Every structure is written in C-alpha cells, then in structure tokens.
Amino acid sequence: MIDFRYHLVSIIAIFFALAAGIALGAGPLKEGVDQTLTDQTSVLREENQQLRDQVATLEGAADYRDAWVSAVAPQLIDGRLSGRRVVLVALPGADTDQVAAVGETLGQSGATVGATVTIDESWTDAGSAAVLDTLASELVSSGTTLPEGDGYDRGAAVLAGALLEPAAGSVAADSAEAPVEEPTGEPGTEPPPSDSGGDAATAVLAAFTEAELISVEGEAAPEADLAVLVAGPPFEDDDELGRRNGAMVTLTTGFDAAGSGAVAAGPPSAAGETGVLAAIRGDGDAAELVSTVDTASLPSGRIAVVYALEEQAQGGSGHYGAIGTTDGPLPAAAAEQ
C-alpha cells in the first residue's frame, strides 16, 4: 500500500533531478551547448553572406545584360516595321510600364503606334457576354457579318474591326472594299452624308468605353494593320479562370482576324499553367494564328515581339520565350539575319 512516505520520497527525488539538471546546464553542459550554438550561427551567417553575394552577382549580370540589349536594340530592329501601324492593347492586369516599354520598342522598329486600348477585367465577367453581344449588334458596320459564337466572339470582332484595317485579300477586306451604290435623286443634288470609317470607329470606341469595358489613350487610327496585346499575370479567380482566359483567347484571335496579324506578349507568369499566354498556346486554333512572347518584361523579349510581329505580317506565326515548349527565343528567320 502506497503511503505518505512514498509520495514524499518521490517528490524529493524529482527536486533532486531538477537540481542536478540545472547544475549541469549551468556548468559543464552549458559551455558545450553555447559553443555549439555559436558555431552553428557562425556557419549560417557565412552561408547567408555567400548567398547574398551570389544574388548581387546575378543581379549585376542581369542588369548588364539588359543594358547591353537595350543599347543595341535600335540597330537590331531598325526599320523592321517601317510603314506599319500598330494598335497596342493592354489586357487585364498588364503592367503599365511594360506596356509603355513595348510601345517604345515598336516605335524604335519604325512602326507607328496609335492608340493604347486597355481592356477592363469586367470584359471577362459572365454577364458581359450579353452586353458585348448587344453592342456588337448595334455597332456592326454595314456589310459586315458577325462571327458565330457568343458575345465574347462578336464583341471582339467589332472592337478589333474598329481599330484595324483588314489585310489585303481577306474576306473582311473584300467586304470593306465592296463598291458603294451611287445615291439616287434629282440631277445636281448633293449626295446624302455617310459615316466615314473614322466616325464608325469613334462610335465603337465610345460605346465600349461608356460600357466601362475598355479605356482608350491616344488617337485610334482605323488604318492600323497589326496588333500587340500585352498580358498581365494570371487571373486570381480560380473558379472562373476558364471563362476569363477563354474570353482573352477570343479577343486575341479577333484582333488577328481583323488585321494582318497579332502578337500576344507578357511576363513569364503569363505563360504559366493558368496564364493567358498558356491558354493561347493550349488552344489549337488560336496557337496556329496568334504568336506569343513570354519575356516581354525583358528588353530581349521586346525585341522578340518586333520580330514576331514582322513574321505575322508575312503570314507566319510562332511562340517564343523561356517558359514551356516554345519555338525558341525569337523567329528562326530573324535569328539567321
């Protein structure tokens, strides 16, 4: 039977054990533990400094690379797009500085960059398909046939048609160049006024802006023949990612069909698994038509945009950059020159 004496002995034993532990920790063991911690801290501090030095070296090399590419860019792209007029489209989330840098590089290549059109994220909302369908029906030019599909398809076609001139020989060009019937009336009377292409384009942009689907900076020139669409990082809404990316794929193919070609460019994240560029590359039809560049955040990538746009104007297409399976850093024909 366990009595009070047993409990008392147990308690005393516990206190002796605690006292021994404290004594050892404050004495011979303390010095060993302290020395071990000091040595580990010293090693970690040294490794941390080595990593910082490596980062600084890599950043310095990257800065030098970008500065070198920026310095030679004018010689590499001079005259590549002379005589071409390009419309610049900022997709939802696109970095404004990156969009401006792409526009500047296009200008260095000889292209004339007209308006910059920013697509609001609301364009990809579920309810926007009906709004786009209504706008397209109201604003479609006479003689133009709206594409099959949903409101995203038709809205993209009308917006792109207002900003781009159809490529020679295309169905859209044949429709746009159809002869206009002579007005009837008494001899000597003035023909009734008609809307010019510029007025129609202005009306389209005004309507889409009023619907808060886009915003426009600069003067839109309907004679633009090429388009560059700059993407941002992936949409954050995973539940609606498929629809939002699908709407952007439709928009890029709409711009490609309306003119002489289109290039979609963006940072590496845009070519990640859930990015817009990845969605374009993963869509069989879009991948055959629209070119992509996933390094537009770098000077070298912006040069690739120029080469890709030149390739588009010549009827080709490709996918360039550093993420996933691509056709290389830039078009092969450009690399050989």
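The values are calculated or read from the model by the stated rules, or taken from the named source; none is laboratory data. What you see is a predicted model, and the numbers here were worked out from it, not measured in a lab. FYI the Cβ positions are ideal-geometry reconstructions off the backbone, even for glycines, and counts take in every protein chain you see. Side chains are part of the model used for accessible areas, which takes the heavy atoms of the whole protein and leaves out ligands, DNA and RNA. Shrake-Rupley method; radii C 1.70, N 1.55, O 1.52, S 1.80 Å.
Take 313-322, 228-237, 52-61 and order them by the average number of nearby Cβ atoms within 10 Å per residue, most first; the result is 228-237, 313-322, 52-61.
Among R244, R154, R45, the sequence by solvent-accessible area, most first, with a 1.4 Å probe is R45, R154, R244. Computed log10 I(q)/I(0) for region 265-306 at 0.15, 0.16 Å⁻¹: -0.32, -0.37, from the Debye equation with unit scatterers placed on every C-alpha and solvent omitted.
Taking the average, over residues, of other Cβ atoms within 10 Å as the packing measure, peptides 280-290, 80-90 rank 80-90, 280-290 from highest down. Loop-located GluC sites (Glu not before Pro) across region 79-153 with a Cβ neighbour count of 11 or fewer within 10 Å are E148, with loop assigned by DSSP.
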